[in-house]
Amino acid sequence: MRRRPGRDARRRHRRESDPHDRGRRDRRHDDRRAHHRRDDRRDGRRGHRPRATGTATARATSTATRAAAPAGAPAAAASPVGRVGGNLVIYSARKEELMKPLVEAFERQTGVKVTLKSGGAGELAQLIERERGNTLGDVLFTTDAASAEALRQKGLLEPYVSPNAAKIPAEFKAADGAWTGTIGRSRNIMYNTNLAKPEELPKSVYELTDPKYRGKVAMASIREGSVKLWLASMIQERGEDFTVKYINDLKANGLKVLANHTEVANAVSRGEVTYGLVNHYYYVPAKREGQPVGLIYPDQGPNEGGTLVVPLAVSILKGAKNQAQARAFVDFALSQEGQLPLTTQENEFPLTPGVGLGEAAAPGVKPIDEIKRPTTDYAKLADIEKRVVDLFTPILGGGQ
């Protein structure tokens, strides 16, 4: 992809998205966890202008490697996408470095030239609203399915049911095809195996208010997008009064509120806290590094609500000028060729039951069909998220 000279160099020395997180990382996997954090956080940034990057021919050295699926890679049963040609503009809330492999593979297979405009989920939603009736984009790829649902309700997305979406569970796609989940991330309890005895491990997030966990738990601030979605899901399942009381009880039990998920995962790995509420992919690099960490899928019992799984979604914008190319991109993102670069970047997993984790696998990580999940209605969640910010910013707005 074409970009201004020196941008990559500057970004390598810039602290990833969180302005409260200014410490340097010394190792590669810490950098990867910082990528996760910015992916979660970007929807909360203000005044950030989306970046437009035109893409050119993919580099032969890197794309040849990505083209061949390694052993154990996801084997999604999806229709291949052929040559299309033409142009496509993608608005992406996923970090540019994480989107590049997918975009390059799509360009290589279809002959479509892609322009990628990156920004936070919130700012891109505002841009799409401003461009109503004359959109300059064709596709939205977002880390916030609730945001996509809100755009659908406003009539800003074009319904399209991809043939490759047939096996994706209904909870991860709009009924009219206006948005479709591509990959997912689960909401887990990460713990330090040196500090937690097996018999002490909580089976539910709601156990963490017990005095035996006093001062042992950390979570990220409300600025993290997945924290907002988790709380919105809890309100949908348990009600507002219950959720507010639960968070207040956690605080009263010594909950540590850190700036972001990377800090939470690091605190668990270093033994500064015993338990951390994180998305599963923060655990994966720590486990691969040999850190003393384990992963809990909470609330999996017969009478419990399940572990939240958050989809990353793809949509076609209403009035998109490159309809054929937009549909081809949706099909490609849901195909075997598209799932490979998506799942191998940040260890997220396919949403199609029966499809393996591939390179996203790590000891303790489960595929989608082994996770009991809450009933999530994104049509309602989109409205609840707005309320979450008002309710919990005073409680979870900081970061130690």
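List, largest first, the extents of the alpha carbons of region 274-400 along their principal axes, each in whole Å.
Result for region 274-400: principal-axis Cα extents of 51, 38, 35 Å.
Could you rank the peptides 294-307, 343-356 by their average count of other C-beta atoms within 10 Å per residue, with the highest value first?
343-356, 294-307
With no solvent and one point per C-alpha, what does the Debye sum give as log10 I(q)/I(0) for region 116-245 at q = 0.09, 0.12, 0.13 Å⁻¹?
-0.40, -0.65, -0.74
Can you give me the C-alpha center-to-center distance between region 191-264 and region 78-152, rounded to a whole angstrom?
Cα centroid to Cα centroid, the span is 33 Å.
If N is the number of residues in region 258-339, what value comes out of its Cα radius of gyration divided by 2.2 N^0.38 Å?
Compactness ratio reported: 1.60.
Rounded, prolate or oblate: which fits region 290-329, taking a ≥ b ≥ c as square roots of the Cα gyration tensor eigenvalues, rounded meaning a/c under 1.5, else prolate when a/b beats b/c?
oblate
Could you tell me, in Å, what Rg and Dmax come out for the Cα atoms of region 338-400?
16.5, 42
Assuming 0.36 nm per residue, please report the length gained on full extension of the stretch Lys167 to Asn87 beyond their Cα-Cα distance.
Gain in length upon complete extension: 25.9 nm.
Quick one: with all protein chains in place, what share of the accessible area of region 112-237 is carbon or sulfur, to the nearest percent (1.4 Å probe)?
Roughly 51 percent, rounded to a whole number.
Provide the gained length on full extension for the span Ala379 to Glu207, in nm with one decimal, where the gain is 0.36 nm per separating residue minus the Cα-Cα distance.
Contour length minus the Cα-Cα distance gives 59.0 nm.
If the viscosity is 1.567 mPa s and the temperature 4 °C, what translational diffusion coefficient in µm²/s does Stokes-Einstein give for region 237-286 when Rh comes from Kirkwood over Cα pairs?
For these conditions, the coefficient is 106 µm²/s.
Got the relative contact order for region 87-139 handy, in percent, Cα pairs under 8 Å and 6 or more residues apart?
55
So how far, in whole Å, is the C-alpha centre of region 275-347 from the one of region 376-395?
After rounding, the separation between the Cα centres reads 21 Å.
Of all accessible surface on region 273-400 at a 1.4 Å probe, what whole percent is carbon and sulfur?
48
Given charges of +1 on the Cβ of Lys and Arg and -1 on the Cβ of Asp and Glu, with all other atoms neutral, how large is the dipole of region 226-329 about its Cα centre, in debye to the nearest 20?
Charge dipole, region 226-329, about its Cα centre: 540 debye, nearest 20.
In whole percent, what relative contact order does region 97-224 give with Cα contacts below 8 Å and a gap of six or more residues?
Worked out over region 97-224, it gives 14 percent.
Under a no-solvent Debye model with one identical scatterer per Cα of region 215-308, what's log10 I(q)/I(0) at q = 0.16 Å⁻¹?
With no solvent term, the Cα-only Debye profile gives -0.71.
In whole Å, what are the extents of region 101-144 along the principal axes defined by its C-alpha atoms, from largest to smallest?
If we take the Cα atoms of region 101-144, the spans are 32, 23, 12 Å.
The values are calculated or read from the model by the stated rules, or taken from the named source; none is laboratory data. It should be emphasised that the depicted structure is a prediction, and the values quoted were computed from it without experimental measurement. So basically every Cβ, Gly included, is an ideal-geometry build from the backbone, and we count neighbours across all protein chains shown. These area figures cover heavy atoms from the full protein model, side chains too; ligands, DNA and RNA do not enter into them. Shrake-Rupley method; radii C 1.70, N 1.55, O 1.52, S 1.80 Å.
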